[in-house]
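Everything on this sheet refers to the single structure shown next.
The values are calculated or read from the model by the stated rules, or taken from the named source; none is laboratory data. Please read these numbers as outputs of a predicted model, since none were measured by experiment. Don't worry about glycine lacking a Cβ; one is built from the backbone with ideal geometry, like all the others, and counts go over all protein chains shown.
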Amino acid sequence: MAVSGLVMLLYLVVHMIGNLEIYFGAGEFNAYAHWLRTVGEPFMHDEWTLWLVRVVLVAAVVAHAVSAYQLSRRDIRARPTPYVHRRRRASYATRTMRWGGIILGLFVVWHLLDLTTGTVHAGGFQPGHPYQNVVDTFSTWYGDVVYIVAMLALGLHVRHGFWSAAQTLGVGSGARDRALKTVADVLALLLTAGFIAVPVGVMTGVVSWR
C-alpha cells in the first residue's frame, strides 16, 4: 500500500503542475497535452510512453485497493468484537481514509469518461482540444462540485497517507514525526489548492475563451 501510494502521489504532483499550464492559455495547454503523447519519440512511438504510464498507474491503483481490502479484513479478524467505548483519538483524515478512497475511485472513473473519452462530457467533446474540454466541464456547476469534492477528499487522503507510508517504509521515527506531519500537511494543501485552482480559474473567468 505504501509503495503504490507513493507512485500515485508522484503522478499527482506532476499532473497538478501540468494542469496549471491552463493559466498560460489554450495554445500552451494544448501543446502540453500534445507533448504528453509524443514523449520519448522517436525511440518511443506515438503515445507509447503515455500508455506505459497508464499501465503503471492502473497497477498501482489495483495494488492499493487490494492492499486496503486485505488490511481491512485483517483488522476485522484481529478484533471481531468492537470496543465498548469508542474514543476518537485519530484525526479526521485518518477516520475517513476508506470513504475517501471510494470517492477518489469513483471520481477517477468519472474524470476519464469526462475528459478522456468524452462519454459524460458536458457540451460537445472535441478530441485534441483539451483546453476547450476543460473549460466546458468547469462551466457547469456539477462539474465544479464533483471535482472540488474529490480534490478535498484527495487532500485528506494524502495528508494521512504520506505520513502512514513513511512509517510503513521505516522512514518515520519519534524525532522525525513532526517534520513528516508538516510535510504531509504542506503537500496535501499544495495538491488540493493546485488542482482546485483550475475550476476556480474557469468559474472566475480567468480561464476562458474570451
**Fill in**
Matching residues in segment 16-46 (of a type outside the set (A, V, I, L, M), loosely packed, with under 15 Cβ neighbours inside 10 Å and part of a helix (DSSP H, G or I)) number 8
**Request:** Confirm whether A122 is at pLDDT below 80, assigned to a helix (DSSP H, G or I) and closer than 20 Å to F195 by Cα.
**Result:** no
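In segment 133-146, how many are closer than 16 Å to T204 by Cα and in a helix (DSSP H, G or I)? Quick ask: steps written out before the conclusion?
Going through segment 133-146, the residues closer than 16 Å to T204 by Cα turn out to be 134-145.
Checking which are in a helix (DSSP H, G or I) leaves us with 134-137, 141-145.
So the count comes out to 9.
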**Message:** Pairs please, first residue from segment 8-21 and over 18 Å from L52 (Cβ atoms), second anywhere and aromatic (F, W, Y) and assigned to a helix (DSSP H, G or I), Cβ atoms under 7 Å, 6+ apart in sequence or on different chains.
**Reply:** L9/F162; M16/F195; N19/F195; E21/F29; E21/Y32
**Asked** For segment 1-51, which residues satisfy the criterion of being out of contact with any helix residue (DSSP H, G or I) (no Cβ under 8 Å at 6 or more places or on another chain) and of a type in the set (D, E)?
**Response** E41
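Taking the stated definitions as given, is T49 at pLDDT 85 or above and exposed (fewer than 12 other Cβ atoms within 10 Å of the Cβ)?
Values: at pLDDT 85 or above: yes; exposed (fewer than 12 other Cβ atoms within 10 Å of the Cβ): no.
When the stated conditions are applied, T49 does not pass them.
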**First in segment 112-128 and in contact (Cβ under 8 Å) with a residue 24 or more places away in the chain and among the acidic types (D, E), second anywhere and surrounded by 11 or more Cβ atoms within 10 Å (Cβ to Cβ) and not in a loop (DSSP other than H, G, I, E, B), Cβ under 7 Å, 6 or more apart** = D114/T137
**Item:** Number of the condition not met by F107 [criteria: (1) within 22 Å of the chain's Cα centre (by Cα); (2) closer than 21 Å to A188 by Cβ; (3) modelled with pLDDT under 90]
**Value:** (3)
